[in-house]
Amino acid sequence: MTPARILIVEDERIVAEDLSIMLASLGYEVAGIAGSGEDAIALAEAENPDLILMDIMLSGKLDGISAADRIQTIRTTPVIYVTAYADDVLLSRAKKTEPFGYIVKPFNEREIRSNIEIALYRHRLDREIQRRDAILLALGSGIEWFLRQFASHNHSVPHQTHTGEPGYLPILESLGNAMNLERIAIFRYDGTDRAAISLAGEWTFQGSASLVHTPFVRKITPASFGLGPRVDDLARGAAVTVGIGDFAPEIRSTFAGYRFTSVAVLEIEALEMPYGLIFYVDGNDRTWPSEEIEAMHIATNIIGSAIGLSERER
């Protein structure tokens with residue numbers, strides 16, 4: 001497991017060095033040491049630490065509370081205040097920045113470790129709740145979009161928008177952003193035997209390159225993505241997860257360039273017939289929580305229904 005990276009903000013060099021040694025002995029990685037509020041802001045932006053230990057009384061124009069307030073405008077990094085002062089005025093100011101802990105000097109290893117672990121756990125839990133809420137909102141938006149299109153187009157969902165993009169793109173975009181994905185790609189079966197697929201549409205995170213110019217996305221086999229042994233699972237409606245290491249050697253480097261690090265795949269059904277596969281792609285090595293898999297199932301069913309209505313009207 002990767003150790004948490006912690007930024008130390010302390011203007012007393014000896015205290016900062018002692019704290020750095022203590023953190024290293026506890027198994028953490030020191031992301032940097034800042035001696036002023038201005039340096040803390042710069043390092044927080046450059047290093048993106050997992051947590052900040054912030055001394056309140058700093059030399060310079062910004063104290064620790066002001067620095068933490070500025071940092072919160074650019075990062076959601078949890079902050080633990082460390083100080084020798086604990087008067088009511090400071091506590092009142094500090095509370096407004098919603099810190100994850102407050103340690104009064106002198107401190108010991110047990111206090112440092114317990115405060116850090118609680119703060120990291122709470123921050124991780126907060127992020128999971130926020131992501132879950134975002135996924136639910138995205139699914140609600142997708143359902144609303146589908147129903148609106150169904151009603152306003154006389155029981156017809158446009159297969160493409162006026163720009164030539166697939167009409168279901170808003171659903172992909174909402175879910176992709178909510179789950180922090182790299183891309184969501186839809187491949188259509190070439191024929192009825194599920195032997196080959198071709199790219200039919202995709203959503204990509206801002207700045208990510210599109211697959212449309214890649215020759216491999218035309219008539220490629222599911223087995224090339226490591227899905228060969230799992231075709232039956234996909235046909236039964238199960239979500240199948242693969243990593244870039246499962247891809248065939250001849251396409252692995254190409255798709256690694258498109259950040260296909262971790263992928264969850266489901267089969268799309270339209271008009272009660274297999275239509276193709278949808279790839280939910282993350283650029284990082286990760287696992288897929290059950291609530292995300294469930295959200296993918298719902299989104300896939302919505303997209304399949306939208307495609308089915310579009311196909312029926314052709």
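Observations on the model:
- Filtered residues of the range 174-212 (kept if of a type outside the set (A, V, I, L, M, F, W, C), part of a helix (DSSP H, G or I) and open to solvent by 20 Å² or more (accessible area, probe 1.4 Å)): 174, 177
- Sole exception among (1) surrounded by fewer than 18 Cβ atoms within 10 Å (Cβ to Cβ); (2) assigned to a helix (DSSP H, G or I) for residue 106, by number: (2)
- Within the set 183, 188, the sole residue that is of a type in the set (Lys, Arg), modelled with pLDDT of 85 or more and more than 23 Å from the chain's Cα centre (by Cα) turns out to be 188.
- Pairs where the first residue, in the range 48-62, is within 10 Å of residue 83 (Cβ to Cβ) and the second is assigned to a strand (DSSP E or B) and of a type in the set (A, V, I, L, M, F, W, C), C-beta under 6 Å, 6+ apart: 54/9; 54/79; 55/9; 55/82
- For residue 243, the test of being over 15 Å from residue 176 (Cβ atoms) and under 19 Å from the mean Cα position of the chain (by Cα) is passed.
- Among the residues of the range 288-300, just one is among the charged types (D, E, K, R) and free of Cβ contacts under 8 Å to residues at least 40 places away in the same chain, namely 294.
- Leading residue by the ranking (farthest from the chain's Cα centre (by Cα)) among those in the range 2-59 that are on the phi > 0 side of the Ramachandran plot and part of a loop (DSSP other than H, G, I, E, B): 27
- Listed by position, the helices (runs of 4 or more DSSP H) inside the range 220-314 whose residues that are open to solvent by less than 70 Å² (accessible area, probe 1.4 Å), touching a helix residue (DSSP H, G or I) at 6+ places or on another chain (Cβ under 7 Å) and closer than 20 Å to residue 171 by Cα number at least 1 are 290-313.
- When restricted to residues that are at negative phi and touching a Lys or Arg at 6+ places or on another chain (Cβ under 9 Å), the range 247-269 contains 7.
- Filter result for residue 93 (of a type in the set (Lys, Arg), over 30 Å from residue 131 (Cβ atoms), in contact (Cβ under 8 Å) with a residue 12 or more places away in the chain and open to solvent by 50 Å² or more (accessible area, probe 1.4 Å)): yes
- Of the residues making up the range 211-240, those that are within 25 Å of the chain's Cα centre (by Cα) and modelled with pLDDT of 90 or more are 211, 225, 226, 227, 234, 237, 238, 239, 240.
- Filter pass, residue 285 being without any contact (Cβ under 8 Å) to a residue 60 or more places away in the chain and in contact with a Ser or Thr (Cβ under 9 Å, 6 or more places away or on another chain): yes
- For the range 71-90, the criterion of being over 27 Å from the mean Cα position of the chain (by Cα), of a type in the set (S, T, N, Q) and either modelled with pLDDT of 90 or more or part of a loop (DSSP other than H, G, I, E, B) (or both) is met by no residue.
The values are calculated or read from the model by the stated rules, or taken from the named source; none is laboratory data. Because the structure is a prediction, the values reported are computed rather than measured. Cβ coordinates were reconstructed from backbone atoms using ideal geometry, including for glycine residues, and neighbour counts include every protein chain displayed. Side chains are part of the model used for accessible areas, which takes the heavy atoms of the whole protein and leaves out ligands, DNA and RNA. Shrake-Rupley method; radii C 1.70, N 1.55, O 1.52, S 1.80 Å.
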